[in-house]
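In what follows, a single structure is set out as structure tokens and then discussed.
Just so you know, all these numbers are worked out from the coordinates, no wet-lab data involved. A quick note: this is a predicted structure, and the numbers were derived from the prediction, not measured. So basically every Cβ, Gly included, is an ideal-geometry build from the backbone, and we count neighbours across all protein chains shown.
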Amino acid sequence: MRYYLDYNASAPMDEQVKNYIKEMIDWHGNPSSIHTKGRKLKNLLEISRQKIAALVNCSSKDIIFTSGATEANNLALNGYKKKIISAIEHESIKKQKHTILINVNKEGYIDLDMLENMLKNDNKKKGMIVSVMFANNETGIIQPVEKIAKIAKKYSVPFHTDAVQAVGRINVNFLQLGVDMMTISSHKIGGPSGAGALITASKKKILKPILVGGDQEDSLRSGTEPILAIAGFGQAAKLSKINKIEKLKNLRIAFEKKLKKANLGIQIIAENSNRLPNTFMMYTPGIKAEDLLIALDLEGFDVSTGAACSSGKAEPSNVLKRMGYSKLIAAGVIRISLGLYNSMREADMLVNALKRILKRFGKI
Ligand code: PMP
């Protein structure tokens, strides 16, 4: 028996999404073809766009399909010469050229004064963009996105947010937030991997494509659309119900309570910060995260260390280091991210597994 506690890395595909895709597995053709088969696929593409637009409250015209969030993030920042980003971004943002970092505090929130001062004191705002992740993939901490949008707007600098972990888990309303661009992803909300999107209202005209060719997606992302992945993405968006995930909050709180009550010295990171309903990070004293991850794997639990989501390597969490935690803690945290298929029973199983592991390591 395996227990999957790694939904932020990738959520299992929803059964209804699987059935939906299965129905069209034999459809073939190219959505750009003029003939009947092509038009049928084009229609499916547009229906998927509408379902996603309904989930995040944007116009379906503003959705540019990409291969995933990494590509959408790259597309959003492509062409900008000065990128003001938070110090805790995903690698697809962090590894960009010409970045300037905004600090985060111990609670995991970005320094809004620092951001404002950066924008106020820079008189060359042309080619500048601000990019801050909506909810952190490791800690689950949610940034004050509306406030950031207001600051960026005050200085007429475009603002992009990577909302991959937020969408489908908390209310994300593109129009109300006042952001200029937003990245979302299929496989984090129960759709297949291979599809993501950049949502962009006002900046569409100044975006620079990375892939040029057949002029699909308003010439902003050329290449034949992966129609099955996009159809699944749309259906996952349609089925996504935030209140289902909100219910998970009680489960997360139960996990956290049980882990703390077990007297194993476990600490929950930024416990009092505004966090996603499904995510927490925990520190187990005296054990390196990679050792704990392997030990838990042997016990049947799929979890991840902070940094493993992208690299596959278990390195000290950069996010925690940036939040001001010691190297020791940053190297000892693991992330638990829950989803609809998890249960209360798994909290007890996890505590019992941790007790066995800590005993084996001679820590209790
Ligand atoms: N942004 C965030 C916040 C993520 O969690 C991830 C996936 N770990 C990505 C971007 C990149 O997504 P993908 O690897 O699916 O392109």
Straight-line reach check, LYS126, cutoff 13 Å on alpha carbons, 8 or more apart in-chain or any other chain, hits among aspartates and glutamates -> none
Normalised Cα Rg of the chain, dividing by 2.2 N^0.38 Å with N its residue count, works out at 1.01
For LYS22, the aspartates and glutamates lying under 20 Å Cα to Cα, once residues fewer than eight places off in the same chain are dropped, come out as ASP14, GLU46, GLU225
XL table LYS61/LYS150; LYS42/LYS205; LYS42/LYS81; Cα-Cα > 32 Å flagged, in table order, is LYS42/LYS81
Treating only Lys and Arg (+1) and Asp and Glu (-1) as charged, each at its beta carbon, one finds that the range 15-239 has a dipole about its Cα centre, in Debye to the nearest 20, of 620
With 0.36 nm assigned to each residue of separation and the Cα-Cα distance removed, MET349 to LYS363 gains 3.2 nm
Taking N as the residue count of the range 68-207, its alpha carbon Rg divided by 2.2 N^0.38 Å gives 0.97
In the chain, whole DSSP H helices that both stretch 30 Å or further along their axis by alpha carbon positions and average at least 1.6 on the Kyte-Doolittle scale are none
PRE zone check, label point 7 Å out along Cα-to-Cβ of ASP218, amide N under 11 Å, scope the range 57-101, hits 59-65
The pairs in LYS208/LYS247; LYS18/LYS244; LYS327/LYS363; LYS97/LYS153 lying past 29 Å Cα-Cα in this model are LYS208/LYS247
The base-10 log of I(q)/I(0) that the Debye equation returns for the range 129-275 at q = 0.11, 0.17, 0.18, 0.21 Å⁻¹, one scatterer per C-alpha, is -0.54, -1.08, -1.16, -1.36
With a Förster distance of 41 angstrom and the Cβ-Cβ distance between ILE253 and SER59, calculated FRET efficiency to the nearest 0.05 equals 0.65
